[in-house]
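Peer 1: Quick one: the structure is below, questions incoming.
The values are calculated or read from the model by the stated rules, or taken from the named source; none is laboratory data. Model, not experiment: these values are computed from the prediction. Positions of Cβ are generated from backbone atoms using ideal geometry, with glycine treated the same way; all protein chains shown enter the neighbour counts. We work out accessible area using only protein heavy atoms, side chains counted, and drop any ligands, DNA or RNA first. Shrake-Rupley method; radii C 1.70, N 1.55, O 1.52, S 1.80 Å.
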Amino acid sequence: MTTIASLEDKFYQTIDAEEKIEPKDWMPDDYRKTLVRQISQHAHSEIIGMLPEGNWITRAPSLKRKLALLAKVQDEAGHGLYLYAACETLGVGRDELLDQLHTGKAKYSSIFNYPTITWADMGAIGWLVDGAAIMNQVPLCRCSYGPYSRAMVRVCKEESFHQRQGYEIMTTLAKGSEEQKAMAQDALNRWWWPSLMMFGPNDSVSTHSEMSMRWKIKRFSNDELRQRFVDMTVPQAELIGLTIPDPLLKFNEEKKGYDFGPIDWDEFKMVVNGHGPCNEERMAARLKAHADGEWVREAASAHAARKSNSESRLKTA
Ligand code: 3HC
């Protein structure tokens, strides 16, 4: 006889055997709930993340830069669609997910609530934000939930292009005129600490990490991935002659990694709670884009309805 206990045993045996949980498999409600929470917020972050960079598409300094930025922003839209589709396999509809974003019930990454003031911000976002995203997303390719892990494999391939084109922008500016180098340093100063916040709160106060790691959704803790990101990025800054804006940053021979200064968690909480520099602007742009897209959604569903009607008429003829 199948009992909840036997279903739970099978669930954990599958996870502990490094196999995937698929949509049709039994899963604990809390596992499903945390996946809907994380995957939907990840998708929302991709869609909102298009806005800061979209701001510079018409002002890119060359056709080559414009093409790369256009491609990147289009990629982010695609990442959002993969992730919404992965989330829908958990039994929640797209409209409901978008409604949670539009009504503020669901979060998106704090990083996208900062302004993109100069062209160098496009470099800093690609280098630091997408660099942090890669650090966080590569382990998610081994997430226990099949559709999420498979979406991540595709996303990570495109993220590496995002990170490279960002670092190339920063390299060009850092090796350019004094003004250009100052612009790159200013962007690094403004994006460094918010990028560290992308990894989430310290492990000691993380609400979800313990269960998320037991369920092999999260493979490494917030602090572990943050540390790896710092250790990878500091030498990249030094290579192009930029300075990380942290006077306490120091290589620790013992741990073979960098010690760094305290993160301003009050700023993090303020931004996550809707009071960041661009929260209102981002949500207003998102809501306008959704409203402007109403006719496309209506046309697509009318077409789908007409298509299914003609198919059912053919079947009965
Ligand atoms: N911004 C907003 N909210 C954040 C956050 C951030 N930077 N970091 C953590 N939080 C929220 C969590 O969502 C959670 O709130 P909730 O319970 O309302 O969902 C709370 O803070 C506690 O954090 P936890 O560490 O306990 O939560 P998680 O275990 O979910 O860890 C996470 C947070 C590491 C962001 C994890 O959710 C994750 O890995 N998500 C998938 C990756 C992702 O969403 N990245 C966002 C950026 S996407 C991106 O950069 C795209 C690229 O193409 C540019």
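Peer 1: Suppose we keep only residues that are within 12 Å of the chain's Cα centre (by Cα) and within 9 Å of the ligand (Cβ to nearest atom) within the stretch 127-151. Which one would you say is most open to solvent (accessible area, probe 1.4 Å)?
Peer 2: Going through the qualifying residues, I end up with 136.
Peer 1: Just checking, how many residues over the stretch 95-125 are in contact (Cβ under 8 Å) with a residue 12 or more places away in the chain, in a loop (DSSP other than H, G, I, E, B) and within 14 Å of the ligand (Cβ to nearest atom)?
Peer 2: Total meeting the criteria: 7.
Peer 1: Which residue, of 73, 92, is more than 9 Å from the ligand (Cβ to nearest atom), in contact with a helix residue (DSSP H, G or I) (Cβ under 9 Å, 6 or more places away or on another chain) and assigned to a helix (DSSP H, G or I)?
Peer 2: Result: 73 is the single residue among 73, 92 that is more than 9 Å from the ligand (Cβ to nearest atom), in contact with a helix residue (DSSP H, G or I) (Cβ under 9 Å, 6 or more places away or on another chain) and assigned to a helix (DSSP H, G or I).
Peer 1: Which of the residues belonging to the stretch 1-50 are of a type in the set (Gly, Ala, Ser) and assigned to a helix (DSSP H, G or I)?
Peer 2: If the condition is that a residue be of a type in the set (Gly, Ala, Ser) and assigned to a helix (DSSP H, G or I), then 5, 6, 40, 43, 45 are the ones that fit.
Peer 1: May I pose another question? Residues that are within 21 Å of the chain's Cα centre (by Cα): which helices (runs of 4 or more DSSP H) entirely in the stretch 207-317 hold 3 or more of them?
Peer 2: Here the list reads 209-214, 222-239, 265-270, 279-292.
Peer 1: Quick one: is residue 80 modelled with pLDDT under 95 and within 19 Å of residue 133 (Cα to Cα)?
Peer 2: no
Peer 1: If I filter the stretch 25-58 down to residues being open to solvent by 60 Å² or more (accessible area, probe 1.4 Å) and more than 21 Å from residue 147 (Cβ to Cβ), which single residue comes out as farthest from the ligand (Cβ to nearest atom)?
Peer 2: This residue is 58.
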